[in-house]
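Below is one structure, written out as structure tokens; the observations come after it.
Coordinate-derived values only; no laboratory data. This structure is a prediction, so every number in the text was calculated from the model and none was measured. Backbone-built Cβ (ideal geometry, glycine too); neighbour counts: all protein chains shown.
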Amino acid sequence: MAHQHGGTADLDWSAMLDALARADEIEADVTAQIAGWLLTGPERVIYDVGCGAGGMTAALSAAAPDARLVAVDGEPALLAATRRHTGVETVLADLGTELPIPPASADLIWASGVLHHLPDQQSVVTDLATRLAPGGRLALGEGGLQSRSLPWDLGIGEPGLEIRLDAAHDRWFTRMRRDLGGALPMAYGWSTALRHAGLVDVTARSFLIDLPAPLGPGESEYVIGRLRSLLERDGLEDLVSAEDRDILRRLTDPEDAVHRSVRSDLYLLAARTVYVGRRPDA
Ligand SMILES: C[S@@+](CC[C@H](N)C(=O)[O-])C[C@H]1O[C@@H](n2cnc3c(N)ncnc32)[C@H](O)[C@@H]1O
């Protein structure tokens, strides 16, 4: 099934298996809440498109054990991990060029954190909508709020490091999209994208990830790992000042005094937004 969304190989997803799996563990409660909210009972055919390490695949499988659940991704290592811990059917596909879902067949399609990596987001949303059975729903996990984990004043450097890191992330994201071959702008929000795809009853709901300080050891490791992964990001030197990069390095070094002074104040606060639209009944 070839389509003209245009392919993409923007990031090394296999290298992100551990990080995605850790995020799935941390977000398991929220993922279960989202699955519970999305599933209304009669879903028989469900797709998790861009499944990553399979956190939502597992939640959907637990909440709808009798449905046929298919996980789709472009990265074999992530599909293997998803298969290992959920046992569901998996399909390898580059969603930039193909959608391995038969027309008018799915009761629920879930796509989280994947569409913004594809050059023509609207055309994929529109194409996904055609794969819904009448009355079926397309749910997009996109947007929400960036995580917060640090006190505003770290006692070193200028206060507000995380806000500057958010701004850097925003510029990185803009570059990432610009560098996707054939990227088209989508100058409106996901609700409008769902409406443009002919879907009705479009709505959105946000879910809070709220882990207060003090974090447990695994949670702290996760938060520190996320900050550390920022340091490894391509082109960080152009986006974050040398002083802030140095503080970030010290924050993520367990032997450093800055790390030790902040560790018991680390927290995790974030919001995940889910946009949903329904294909009209025939
Ligand atoms: C940020 S992860 C999101 C994973 C998961 N859905 C979640 O919300 O945690 C993006 C996923 O999209 C997949 N992906 C990115 N571009 C893709 C493409 N062109 N075709 C298929 N999968 C793609 C990646 O392999 C990765 O699993």
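Listing for the model above:
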item: Which of ILE209, ILE163, ILE26, ILE109 has the fewest Cβ neighbours within 10 Å, and the rest in rising order; result: ILE163, ILE209, ILE26, ILE109
item: Hz values of 3J(HN,Hα) by residue in segment 112-117 - Karplus curve (6.51, -1.76, 1.60), Gly and Pro given as x; result: 10, x, 10, 4, 6, 9
item: Value at 222 nm in deg cm²/dmol, rounded to 500, when DSSP H runs of n ≥ 4 in the chain each add -39,500 (n - 2.57); result: -11500 deg cm²/dmol
item: Segment 88-234: relative contact order in percent, alpha carbon pairs under 8 Å with at least 6 residues between; result: 25 percent
item: Hull shadow area, averaged, segment 181-228 [alpha-carbon convex hull, nm²]; result: 6.6 nm²
item: Taking the convex hull of Cα positions in segment 216-282, its mean projected area over all directions (nm²); result: 7.8 nm²
item: Amide hydrogen neighbours beyond the local backbone of LEU132, cut-off 5 Å, H modeled; result: ALA104, SER105, ALA106
item: Hull volume in cubic angstrom per residue (convex hull over the Cα atoms of segment 88-169); result: 145 Å³
item: Semi-axes of the equivalent ellipsoid for the chain, Cα gyration tensor, largest first, Å; result: 34, 21, 17
item: Range of Cα positions in segment 141-206 per principal axis (Å), largest first; result: 52, 31, 15
item: Rg ratio (alpha-carbon, reference 2.2 N^0.38 Å) - segment 166-282; result: 1.44
item: Residue-span extension gain [ASP246 to ASP201] - 0.36 nm each, minus C-alpha spacing; result: 11.4 nm
